[in-house]
Structure formats: C-alpha cells, structure tokens
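Asker: Structure in structure tokens, see below.
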Amino acid sequence: MRTWALCSLLLSAAPAGSWAAMTVTVTPKVEVIKGESVTLPCHFAAPSLLGNSIVEWFIDEGGSRKRVAFRTLSDGRWAVDHGTQLSGRASIGQDNALVINPVHVGDDRRFHCQVTAGPSGAGEATTELKVFFPPEKPVVTASNQVLSVLGDTRSEAGQCISRNGFPMPRLIWYKNSMPLPEVKDPKEKMYMMQSQVKEASGLYTVTSTLYLQPTKEDRNAEFRCTVEYQMPKDRIDKLDSDSFSLTLHYPTEHVTFSLETTGPIKEGDEVKMKCEGDGNPQPPLDFSFINKEGEEYPKEGLEGVLTLHSATRADSGTYRCEALDVDFLQEGLFQELELFVHYLEPVKITPAGPVNVFLGEKVELRCKTKGTDKHTMQWKKGATTLSKTEVLTVASVSYSDTGVYSCVSTVPTVPGLHAQGNVTVTVSGKPMIATPSEAKVQKLGDAVTLSCSAQGHPAPQFSWTSSGKEAVTVLENKVISKLTVEATESILKNGVACEVANEHGQDSKLFRVVLSSGGSENGESPDTSDADRGNPVLKTAATADRQQGGSTGVVVAVVVCVLLLLLLVTMLYCLQKKGKLPCGKEDKKEVAAGEVNNDIVVEMKSEKANEEAELLNKRPPAEQ
C-alpha cells in the first residue's frame, strides 16, 4: 500500500501533459468455459520507464477495486495478492497477461489492467471475462393425478428442473412440438411458475411448474420441457426433456362400433365386434341383437368386444352397442352395425349312393346346393376334375371307373366357403385278368413269382394250375394273387394258368416261364459248349446230374480223369510200336494181367494184336 501511495503522489506531481504518452490495450471481452484456463492479455506503450514502473491487475468487488496480481517492470518479478478469490489460481504471463486456471463462474466479471510508469504517466484498460457452463438435461415430473376437464380449476400438469448451468438458463414448455407462451398470471387458463436457485458452486438450477385447465383435446397431447442456454460466440444451445401425457377425466360424447374381422364372413368364422366410447374412463357398454322380425336380444361382451365364436346364418342381423356414462349423466349414446353371414347348403347327390352299375352300362350323377351368393360346381375323382357342371355322365363304365366321386361347390366371392358331397360307384361284372408278362429264370429249379392281377365285382376268387406259396392283396379296384413256384421242366414247357371267377363269370390266363438269355431249356449249364453237348459221355453226365440233383460236377471230374488215362495209354502204345520204348515179356505180362497201379483195367483189342506181340517178343541178333 505504501508503494501504491508513493506512485499516486508521483502521478499527482507529474505534469499534466505526460499522461497522454501512456497507452494500455486489452481484449474487450474474453469468453471461457468453466473449468478451463483463460489468458487476459495486457499491452502498453510509454516513452520511457523509470525503475518504479509497475503493471497491476484489479477486479471490482463490493463497490470498490481490489488488486489481485502485479509485476514490477524493473526486475520483471510478479506476485499474486493474498486473500482474493483468485489466490492460488492466478499468475502473470508473457506480455503482462493475467492467467487464471481453472476458471470459476465467480470469475465472470470485469478485470482492469493498470500500468504506472513515472514521468510517462499511468494508464489502464478494462476487459470483461464471460464464463459459460451448459446445464444438465431437464427432468420433467408429470402429475400423478387424474385431471378433470369439467369446471374452471387450474391443475398442476408437470414440473421441469434443469440443474447447474451458467449463466442462468431459460426453460420453455412445449405442447405437441409447439412452444407455449410464457404466462405468469394465475388467472389465465394456462400459466407457469418459475424459480431459480444459485448453488454454492455459483451455478444456477432453474425450475418451472406448468398449470393449466385441461380440455378434452389435451387427452392425446405430448408435453415436454426444453432448456435454452448461452455458449461462447453468442451461440444458443438446447436440451429437451422426455415427453409425457396427461391422464384426463372427460365424458363420452361419441360411440364407435365396428367389425374387427375383415373380409366376407362365412359360417364357422369367429366374429369380433368392438365398441368404444371416446370418454375416460370408458362407460358401461351394453350389447344387443335385433333379428329380422325386430326382436331384440341381449348379448354379453367382454371389455368392449362382442365375440361370436362360430357364426351361423342365424347370426345375420343388426347389432347394437349402447353407452351410459353415469359420471357425466350422458345417456342415449349408441351405434349399430349390420352383420351378414354367408353360407352354402350341403351338397346333395342323386342318386345318393352307393351306386352299383354293371360293366359297360351308362351312369349319370347329379348334384345340387344353394347359398347366399353365386357358386360353382364340379365333379372330381381324387385330384382329377371330370366335369365343371352339376352333371357327370359316363357312357360305358369300366372297372377303372370304380371309386369315390366328389361334387365340390365353391363361392368365389367368399374365400374358404365351399361344400362337398361324396358318392361311391361300384362296377360289377365278371372278372378280367390283366395281360401277363413273361417270367424269366436263370436255370432250372430257380424260384419264380407270378403275379395275376384281376378286376371284377364281387371280388374274384383265384386258383392256379400249379401249387406254390400264394399271397393275395387288394390295390384300389384290383385284386392281385402272387404265386411263388419252382421252375420245373413241366412249368418251363407248359406254363402256369391263373383262373379267376365270381358270380358273374370267370377268366383265365396262361403265365409263361422261360430261361433268361444264356440259360438252357433242358437245364444244362449255360457254360457248356456245343462240342461238349455232342459228346455222349458228357451228355450222360449231364443227364445224371439232373437226375441226381447236383452231382454233375463229380461225374464230369471222373470222366475227365478217364479221358486223360486213355490218352496216356495211347501215347505209350504208339511209342512202343515205333521201338522207342523197350518192352520185355515181363512188361507184356503185366499188361495182359491187367495189373495197373491205379486199379484201373483197360482192355485193348485189335486185329493186329498177335502180330504186334510177336514183334515185341523178338530180340535183336546180338542178344541171340
């Protein structure tokens, strides 16, 4: 303070013209977000500086100035004054700027930079620091009471709160996205009560309560609250609250009565009729049915819905829903609707059936029905359409015409509405066997299955000319007998006959059984060559094989061994005759006696036997 008094004394003693030489320049307005750092620059110009020149920063507080920081220009040292709201957060930066970190909302004020330079005089400039901080999203609390639209009472509709904003934010009410005018007069049908609280942090919490006299139009209205707040560079930002609706109590003025079931209604459909009043709460609802004679019958509904679980043609008529609002003394409110149920009579077929007709005769079937709308008729057998009229005619029936015939009636204008009648047609006559196909076997003795398929009514009885394992099945209008037999020589030669009979006649067919390609009619192996068939020994062996049932292989083996032995003996004989093989009396004797190691005796007879024997007994001259 002594330094400040000395400076003031020097300034007062200085010539008046010297003050004009000092100029101080600052930024007029600086903007910052709370919590950030801010720099307030201060520049000056002076002709000369004395040793006691000084730069000082002041704030306005309590109607007077208070220094917060300073710098002496002679040594460049700076200091922050104690006991101010900037103590511990302020410093002097380059160019004598005041630096504040972090910024509080209380720093939103004017700052003065004063420069004192002895004979050069003194000067100052003022900068305004603007601090901003966005508030929290507004929170609305809707009224938990049911508000009546009757009377002239203003009721609290909801409250909106937005906390911790700076500078003080503004609350705006909206109804269906349209802002409501700010009205503070409680005599108006709609007004707001606003309040603000400055928190210890210096931030503001704002509250707005909406009061109104509701109308019926407010039953579907959406209310919300918006907070508007300032940000640097003159920007205005907004935050919206959640929306809410009011629960209103209002009288019923109109009743709606409608079908929930869409499209034409047919017998058997579930029908729902919904009745609803436009009041809250819903008034009691009474249902009734008025028939064609004008007679009225009460009906029971549930929660405003009248349900017919399975409609019939008798349900066609007028339905009424009446509302009685006891709370608001409203009566006589009702609505009516007409219900028409489409139907189609059961299909009647002439003759009613079952229909019995003889093979080759003519049959004619007719059907008819009636309904509430134009309908189509068609005859079908299975999935095949036979006629698109009410009449089906078959000039000459066959066994394939036996079966179930359906007459189907459909109403094109009513989806799903149709009726159907069935009749069974039976064709009677003598049985007829389907042409048999040739059966094939690989060899004699194989099993073969013959299938005899016959049509006729009554069902025919089967008999076969050969015995075997028989199985009878019925397939649609056919009866099938399957006989499994062994392919004997007799069956291969004569076949097997299938005979069927009923009360109207009989039929028979011959089933042929043949050997497949590569087989033999007499049962020989398909591998036997033509040369072998001409060999009497093999032929005999083959015959023996048939007779002995499987011994052919053994006989053939024996025959082959005999042939090889004959071939060996013949070769020995030829060699001996040419003199290449010495044979003595002892050898001849052994052959004559029939002594063979293999116990097989072969007797050889020839016209030259004696002569050959004599030649064999002669010795060469040397031996004599």
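Asker: Sequence gap at least 6, Cα distance under 8 Å: using those rules, report the relative contact order of segment 434-515 to the nearest whole percent.
Answerer: This gives 38 percent for segment 434-515.
Asker: Starting from a Cα-only point model with no solvent, please compute log10 I(q)/I(0) by Debye for segment 246-373 at q = 0.15, 0.18, 0.21, 0.23 1/Å.
Answerer: Each listed q maps to, in turn, -0.78, -0.97, -1.16, -1.29.
Asker: Could you compute how fast segment 75-186 diffuses translationally, taking Rh as the Kirkwood radius over C-alpha pairs and applying Stokes-Einstein at 25 °C with viscosity 0.890 mPa s? Give it in µm² per second.
Answerer: 125
Asker: Could I ask something else about it? First measure r as the distance between the Cβ atoms of V183 and I33, then evaluate 1/(1 + (r/R0)^6) with R0 = 25 Å and state the FRET efficiency to the nearest 0.05.
Answerer: The pair V183/I33 has a calculated efficiency of 0.15.
Asker: What is the count of Lys pairs in segment 139-249 whose alpha carbons sit under 21 Å apart, if the two are 8 or more places apart or on different chains?
Answerer: 8
Asker: For K216 and K362 in one chain, what is 0.36 nm times their gap in residues minus the Cα-Cα distance, to one decimal in nm?
Answerer: Additional length available on full extension: 44.7 nm.
Asker: Also: Filter the trypsin sites (Lys or Arg not before Pro) in segment 375-433 to those in DSSP coil with at most 15 other Cβ atoms within 10 Å of their Cβ, and list the result.
Answerer: K388
Asker: Restricting things to alpha carbons, tell me how big segment 139-249 is in terms of Rg and Dmax, in Å.
Answerer: When restricted to Cα atoms, segment 139-249 yields Rg and Dmax of 14.9, 49 Å.
Asker: Give me the extension gain from D373 to T23: residue separation times 0.36 nm, minus the current Cα-Cα distance, reported in nm with one decimal. Display every interim value, and only then the final one.
Answerer: Values: separation 350, 0.36 × 350 = 126.00 nm, distance 10.49 nm.
Between D373 and T23, full extension yields 115.5 nm more.
Asker: Can you find, among F111, L147, C225, the residue sitting farthest towards the positive end of the charge dipole of segment 104-241, where Lys and Arg contribute +1 and Asp and Glu -1 at Cβ?
Answerer: Among F111, L147, C225, the one farthest towards the positive end of the dipole of segment 104-241 is L147.
Asker: Only loop residues by DSSP count here, and only those with at most 15 other Cβ atoms within 10 Å; note down the GluC sites (Glu not before Pro) in segment 87-183 that meet that. Intermediate values should be presented prior to the final figure.
Answerer: Working: sites: E124, E128, E136, E156, E182; in loops: E136, E182.
Within segment 87-183, the qualifying GluC sites (Glu not before Pro) (loop, at most 15 other Cβ atoms within 10 Å) are E136, E182.
Asker: Assuming R0 = 45 Å, can you tell me the calculated FRET efficiency for the pair Q194 and T256, based on Cβ-Cβ distance, to the nearest 0.05? Write down the numbers at each step before the final one.
Answerer: Working: r = 42 Å, r/R0 = 0.93.
Computed FRET efficiency for Q194 and T256 comes out at 0.60.
Asker: With each label point set 7 Å from Cα along the Cα-Cβ vector, what nm distance links T570 and K469?
Answerer: Rounded to a tenth, the inter-label distance reads 5.1 nm.
Asker: Here is a follow-up. Can you compute 3J(HN,Hα) from phi for each residue in segment 430-438, using the Karplus curve 6.51 cos²θ - 1.76 cosθ + 1.60 with θ = phi - 60°, rounded to whole Hz and x for Gly and Pro?
Answerer: Per residue, the Karplus-derived 3J(HN,Hα) values read 5, x, 9, 8, 5, 4, x, 9, 6 Hz.
Asker: Continuing with the same structure: Binning at 5 angstrom from zero up to the longest distance, how are the C-alpha pair distances of segment 348-429 distributed in percent?
Answerer: Values per bin, smallest distances first: 3, 15, 26, 23, 16, 8, 5, 3, 1.
Asker: Also, quick follow-up: Which residues in segment 460-476 have a backbone N closer than 16 Å to a point placed 7 Å from the Cα of A447 along the Cα-to-Cβ line?
Answerer: 467-472
Asker: Once you place label points 7 Å from the Cα toward the Cβ at H504 and D234, how far apart are they in nm?
Answerer: Placing both labels 7 Å along Cα→Cβ, they lie 11.0 nm apart.
Asker: I want to check the label-to-label distance for E61 and V99. Put each point 7 Å from Cα in the C-beta direction and report it in nm to one decimal.
Answerer: 2.2
Asker: Something else: To two decimal places, what compactness ratio does segment 434-515 give when its Cα radius of gyration is scaled by 2.2 N^0.38 Å?
Answerer: Rounded to two decimals, the normalised Rg is 1.09.
Quick note: the coordinates plus some simple rules give every number you see, no bench work behind them. Source: prediction; values computed, not measured. Here the Cβ is made from the backbone with ideal geometry for all residues, glycine too, and neighbour counts use every protein chain on show.
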